[in-house]
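Below: the structure, in structure tokens.
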Amino acid sequence: MAETSDLPVGDEPVLAVGDLVKTFTEGKARKGGVVRAVGGVSFAIEQGSMFTLLGPSGCGKTTTLRCIAGLEQPDSGHIAVRGTTFFSSEDRINVQANERGLGMVFQSYAIWPHMNVFQNVAFPLQVADRKQKMSRTEIREKVERVLSVVQLGELVDRQATDLSGGQQQRLALARALVMEPPLLLLDEPLSNLDAKLREEMRFELKDLQRRLGITAIYVTHDQVEALAMSNTVAVMNAGKIEQVGRPRQIYETPSSLFVADFIGTSNFFPGRVTAEEPGDTFLVETSAGTLYANSSAPYSKGDPVTVAVRPEQVAIEKGTFPARAGVWNGQVTNRAFLGESVDHVVAVGGIEIRCRCNPSISIPPGSDVTITFNEREATLLPADG
Amino acid sequence: MAQASAQVAVPFLRRVSLRRIFSGRNLTITVVIAIITYMAVIPVGYLVWGTFWNGQSLTLEFFRSAYSTVGLTPMVVNSLIFAAGSTALAVPLGTLLAYLVVRTDLRFKGLMFAASLVPLIIPGILHTVSWIFLASPNIGIYNRLIFDRVPFLPKFDIFSLQGMILVEGLHLTPLIFLLMVAAFRSMDPSLEESALMSGAKLPTIMRRVTLPLVRPALYASILIMAIRALEAFEVPALLGIPSGIWVFTSRIWSALKGFPAEYGQAGAYAMSLLLITSVGVYLHTRMSRRGKRFQTVTGKGFRPHPIQLGRWKVPAQLFLMAYFLIAVTMPVLVLLYVSTQPFYSVPSLESISNSSLENYRYTFDNPQALRALRNSFALGIGSATAVMLVTAVASWIVVRTKARGRWLVDNVATVPLVIPGLVMGVALLFVYLRAPVPIFGTIWILFIAYFTRYMPYGMRYSSASMYQIGGELEESAQICGASWWKTFRKVNLPLLVPGLIAGWIYIVMVSVRELSSSILLYTPGNEVLSVIIWEQWENGQFTELAALGVVMVVALVALVAVAKKLGARVGVKEG
């Protein structure tokens, strides 16, 4: 399933995960209460990139992250960071979480309320054992440096609980970064912030990651966050990776019904392939009409398929024009002004199609209209997803 | 609502009819406040008065005689060592058990919760007696079967300060366990996980993250434990007096049981004890208020990820099982065993073949025991019902009305919390031996003692459930035209029922096992179960005592089970 082929080829990946499986027992195992949270996940992350695991709650993304962190022990598979094996069911290796040296930001931040800002950040340096232990002055220097990077420099002696939500978030980040970990794990770090702050932090976090060249793995259920921040997105569903790719790729050419449905809004038309055209294009017949759609996968005449089209890829025009492939006639049934755009719902032969238009276009319900599909942006998907 | 209370506050600015002033609402409120004030304030007031007033003038003579006759220092030192020792045993033990049960992957966690109910159901006197059967130097099973047979191993003497600390500490460990379980449960596990990710080892995490985070609960446990140990009567009386180890409570007891009874002296000891426990309770209240600062952002609905103990798992599991065996199973088993014996002896093939139900027959043929059984349960049910009804109204006043000084009601109702049972007994003796109210010598003085002692607990249960009911439910009933009394009966009470029943069950249980007030206040004919057990102990009727104890525990469990079942039917189901 994992399509790692179109990722840039670097030297050694920072993180390599192979065939990771993790099951949970719920209730009595004998009674079949075994839940497969992660079912054979593989991926690799390049130096300096932001890799996102995106999916609905319960898809296994957090469990995958916790397995990498060492907080959860996988049933089988392989995890290696910079060539060091952390977990391998084959070689019976399992490095404890406190020996992996990774940085992690938790959803709840997990700021220790009984310590002040400095103590929170200094903790990872203070508990370091053996020869890595630093002197007091070294620790202070390092803590102050990392706090100024996350713009908490003036709050060094503040009690951690007195910080605002955004500041606590940055503190958690500073604590994760102070050890200079090879890999940063971010578990829905923005989900506890309010909408406005979340948007701000999104850019700040991305900027920081790029500036410091941090390699990070980011878990979220928020597609906008995923698309805005990542170099690579892996969409997960039911414990498996459905698709891996650049954000634009994922958005524009989803490889399954699930991905197309989960990311953004799409119109779906079930139908059958009636002809194959040059350039990976197929003519599809649906109950509302015919249209062209694209896919790099092979299909032959008669295959049941689904065509996915984003609302913004459907143009709408007043009046009736002769229908043909990709140009259908219908009637506006609903209209909603959304500020940046106007959504029209158009009924064509019993199917409702959502069209997103420039706010200058506004057609009252009941009007006869013609809709035109942007043929390059219609995606052909297998019928069952 | 606001309008109604404004009318109470400024009755003369409006034309308010007499009927309104004497409405059911105001009448009920007045009566409830009067009861609470009378119950809480009078005993303490009389105690102070009687301790400093010798009949003619203010005096310190009772303090002088109290502290000169026995020697102040050894008693105070013993009291403090006893309290500190049992705290030092129970708090670390209870905390460790709570941590293992809540945060790790141990098995048989249910055992611990079962064990935590034991001290609530088994009265302190039975628990202490069981330990004497188990560990007394002459007849104790442990000594006879283990320590005597292993060479060079000294006997374990339960009649010593160490023995007292062991029994009291083990009896109260489950209390600490429950307090700490709540604390560990409310802690966000990612606080520990982030320490793990920082590279810290388990002991470091415990020391620098886990324990500091539960510090408020830990301090509260220490204070509660120390106060409970200072108030404890059964253990110092049964284990301390025979070996001459005196503490405050046993001193109060002996001052009153001597002839003539030294009321002034008892009052002087009681005042000192009251002072110490008041400081403790005050510190505890202040701390729990400050504890709010420690509440932190928690993840939304976190799933607890138990810590993998790894190679520590087997020792920890053994430790848990050993605790259960020593602190719960053995005391219960020995009680059952003794109750089937014609006379007490260390278990052997012969003694087991002699077992019969003769003691149970004796118990059920003994009119005194039967009367005590009836008295105990009548008192328990009666005082629990009265307390819950009164505190339901009181908590309504505190939570719902805007009446000025309503916080005072809460504080006054909580006052008895600082009064140890024995001190309460002394105080009520002061009141009703002198006041012209003819209840001394009747069962009603015990009712008043139980009511007063358990009013604070009733108040906690009632106001906790009152806070959960939205005020608008009541307001909408009033908009519909219901009178105050009707609203209270038809809306508030049914919604309060689950909380009230929980409080009721708790008060029935603690009343039935109550000893330290009853032992001072009972008169022949009005004995309760714990007093009969006490007397049987003094008469050396060990086997009959064990049978009566078993009957008492079984009856209590049955009553609680029935109450829970009924409560579930009457109350409004949640969700």
Practice problem: Can you bin region B:429-567 into rounded, prolate or oblate? Criterion: square roots of the alpha carbon gyration tensor eigenvalues sorted a ≥ b ≥ c, rounded for a/c under 1.5, prolate for a/b above b/c, oblate for the rest. | Solution: oblate
Practice problem: At 25 °C and 0.890 mPa s, grab the translational diffusion coefficient of region B:388-441 from Stokes-Einstein with a Kirkwood Rh over Cα pairs, rounded to a whole number in µm² per second. | Solution: 184 µm²/s
Quiz item: In peptide A:94-104, what is the residue-averaged number of other protein chain Cβ atoms found within 10 Å of each Cβ?
Solution: 4
Quiz item: Based on DSSP H runs of at least 4 residues, each adding -39500 (n - 2.57), what is the mean residue ellipticity at 222 nm of chain B after dividing by all its residues, to the nearest 500 deg cm²/dmol?
Solution: -22000 deg cm²/dmol
Exercise. With all distinct Cα pairs included, what does the Kirkwood hydrodynamic radius of region B:487-526 come out to in Å, to one decimal, could you say?
Key: 12.5 Å
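Given 4 °C and 1.567 mPa s, how large is the Stokes-Einstein diffusion coefficient of chain A in µm²/s, with Rh as the Kirkwood radius over Cα pairs? Can you show the working numbers first?
On the way: Rh = 23.5 Å.
Estimated diffusion coefficient is 55 µm²/s.
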Quiz item: List the GluC sites (Glu not before Pro) in region A:191-258 that DSSP assigns to loop (not H, G, I, E or B) and whose Cβ has at most 16 other Cβ atoms within 10 Å. Which are they?
Solution: none
Self-check item: Dipole of chain B, positive end: most advanced residue of B:SER160, B:LEU493, B:ILE352 [Cβ charges, Cα centre]
Solution: B:LEU493
Quiz item: How large are Rg and Dmax for region B:308-415 when only the alpha carbon atoms are used, in Å?
Solution: 24.8, 71
Quiz item: Under the classification rounded if a/c is under 1.5, otherwise prolate if a/b is larger than b/c and oblate if not, where does region A:42-197 fall, given a ≥ b ≥ c as square roots of the Cα gyration tensor eigenvalues?
Solution: oblate
Practice problem: Take the Cα pairs of chain B, get the Kirkwood Rh, then feed it into Stokes-Einstein at 4 °C and 1.567 mPa s and tell me D in µm²/s. | Solution: 50 µm²/s
Practice problem: Among the chymotrypsin sites (Phe, Trp or Tyr not before Pro) in region B:130-165, which ones are in a DSSP loop with at most 14 other Cβ atoms within 10 Å of the Cβ? Mind listing them? | Solution: B:PHE152
Quiz item: Cα centroids of region B:180-248 and region A:279-341: how far apart, whole angstrom?
Solution: 68 Å
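Report the convex hull volume per residue for region B:31-94, counting only C-alpha atoms, in Å³.
Values: hull volume 7.4 nm³, N = 64.
Convex hull volume per residue, Cα atoms: 116 Å³.
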Practice problem: Partner chain Cβ atoms within 10 Å, averaged over the residues of B:179-192 - can you pull that number for me? | Solution: 2
Quiz prompt | C-alpha long axis of helix A:117-126 to longest principal axis of chain A, angle in ° | solution = 70 degrees
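Divide by every residue of chain A the summed helix terms, -39500 (n - 2.57) for each DSSP H run of at least 4, and state the resulting mean residue ellipticity at 222 nm, rounded to the nearest 500 deg cm²/dmol.
Counting only the DSSP helices, I get -6500 deg cm²/dmol.
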Quiz prompt | For q = 0.04 Å⁻¹, Debye-computed log10 I/I(0) when each Cα of the protein assembly as shown counts as one equal scatterer | solution = -0.31
Quiz prompt | Cα gyration tensor category, rounded, prolate or oblate, for region B:151-211 with a/c compared to 1.5 | solution = oblate
Self-check item: Hydrodynamic radius by Kirkwood, which averages 1/r over all alpha carbon pairs of region A:226-385, in angstrom
Solution: 16.4 Å
Quiz item: What number, in percent, do you get for the relative contact order of chain B if the mean sequence gap of Cα pairs under 8 Å and at least 6 apart is divided by its residue count?
Solution: 21 percent
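If exposed trypsin sites (Lys or Arg not before Pro) are those in a DSSP loop with at most 10 other Cβ within 10 Å, what is the longest stretch of chain A that has none?
Between the exposed loop sites, the longest stretch runs A:93-385.
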Self-check item: Listed residues A:ASN267, A:ASN358, A:ASN116, most fluctuating in chain A (Gaussian network, C-alpha, under 10 Å)
Solution: A:ASN358
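Under a 1.4 angstrom probe, counting protein chains only, how are B:LYS486, B:LYS313 ranked by accessible area, largest first?
Order by accessible area, largest first: B:LYS486, B:LYS313.
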Quiz prompt | region B:389-490: chymotrypsin sites (Phe, Trp or Tyr not before Pro) falling in loop per DSSP and having at most 15 other Cβ within 10 Å | solution = none
Self-check item: For region B:503-569, alpha-carbon Rg and Dmax in angstrom
Solution: 13.8, 45
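The values are calculated or read from the model by the stated rules, or taken from the named source; none is laboratory data. Keep in mind it's a predicted model, so treat the numbers as computed, not measured. Neighbour counts are summed over all protein chains in view; Cβ atoms, including those assigned to glycine, are modelled from backbone coordinates with ideal geometry. Ligands, DNA and RNA are stripped out before the accessible areas are found, and what is left, the full protein with its side chains, is counted by its heavy atoms. Shrake-Rupley method; radii C 1.70, N 1.55, O 1.52, S 1.80 Å.
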